[in-house]
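Colleague: Have a look at this one.
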Amino acid sequence: MNRLAVALPDLRAWEDICAIDELLPATGVCALVAGRQVALVRTAVPDAVYAIGNFDPFSKAFVLSRGIVGDRDGVPKIASPIYKQSFDLRTGQCLDDPRVRVPTFEVRIERGRILVCREPRSGDSATMIGGPRGA
């Protein structure tokens, strides 16, 4: 008898953060995901949600979630509220200094809820300029 193996997603790898309606377009909020501060950002046009590390490597403060949301030449970005460096929300790459990158996290919207992967995308930790893990 042959058995069909079904791969189910590991729900423990995802953290339920909030309802999509609780995050207004063109804003960011900070969420604690697996002990890390993560900036959860919703853009207005297009309406999309991104997650990047909340630590600003330039000011050495956890402030990116409070930054200015917008785009640069069609690239969705957030500008640090301290020194105004901009970060690509898709990749975490600093748009003002190619040597600097912050981690990014996968995001899902399921049944009107925002879920964030508990671990950064692979390769992010090796290229980011360091910062503490927690609060």
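Values quoted throughout were computed directly from the atomic coordinates according to the rules given, and no laboratory measurement underlies them. Keep in mind the model is a prediction, meaning the values are calculated, not measured. FYI the Cβ positions are ideal-geometry reconstructions off the backbone, even for glycines, and counts take in every protein chain you see.
Colleague: Remind me, relative contact order of the range 24-121 in percent, using alpha carbon pairs under 8 angstrom and six or more residues apart? Mind showing how you got there, number by number?
Modeller: Details: 215 pairs, mean separation 19.9, N = 98.
It comes to 20 percent, rounded to a whole number.
Colleague: So what J values fall out for the range 80-85 if you push phi through Karplus, 6.51 cos²θ - 1.76 cosθ + 1.60 with θ = phi - 60°, rounded to Hz, Gly and Pro as x?
Modeller: In residue order, the calculated couplings are 4, x, 8, 9, 6, 5 Hz.
Colleague: Any chance you could run the full-extension gain for ALA26 through ALA61? It's 0.36 nm times the residue separation minus the Cα-Cα distance, nm to one decimal. Write down the numbers at each step before the final one.
Modeller: Details: separation 35, 0.36 × 35 = 12.60 nm, distance 2.13 nm.
The span from ALA26 to ALA61 would gain 10.5 nm if fully extended.
Colleague: Beta carbons within 10 angstrom, averaged per residue: use that to sort the peptides 61-68, 21-28, 48-55, highest first. Don't skip to the end; give the middle numbers.
Modeller: Working: 61-68: 20.1, 21-28: 14.6, 48-55: 23.9.
So the order, starting with the most tightly packed, is 48-55, 61-68, 21-28.
Colleague: Ordered by packing density, taken as the mean number of other Cβ atoms within 10 Å over each peptide's residues, highest first, how do 104-113, 30-39 rank?
Modeller: Averaged packing, sorted descending, gives the order 30-39, 104-113.
Colleague: Okay, next question. Using the Karplus equation 6.51 cos²θ - 1.76 cosθ + 1.60 (θ = phi - 60°), what ³J(HN,Hα) coupling, rounded to whole Hz, does each residue of the range 51-56 give in order, writing x for Gly and Pro?
Modeller: 9, 9, x, 7, 7, 8
Colleague: What is the set of long-range amide H partners of GLU15 at a cut-off below 5 Å, with H atoms built 1.01 Å from backbone N?
Modeller: Under 5 Å from the amide H of GLU15 lie the amide H atoms of VAL116, CYS117, ARG118, each far enough along the sequence or on another chain.
Colleague: What does the charge add up to near ARG42, with Lys and Arg as +1, Asp and Glu as -1, over the other residues with Cβ less than 15 Å from its Cβ?
Modeller: Once all neighbours under 15 Å are counted, the net charge is +1.
Colleague: Can you list residues from other chains, or at least 5 along the same chain, whose modelled amide H is less than 5 Å from the amide H of ALA26?
Modeller: ARG42, THR43, ALA44
Colleague: Amide H to amide H under 5 Å from VAL33: which residues, 5+ apart in sequence or cross-chain, H placed 1.01 Å off N in plane?
Modeller: Those qualifying (amide H under 5 Å, at least 5 residues apart or on another chain) are VAL38.
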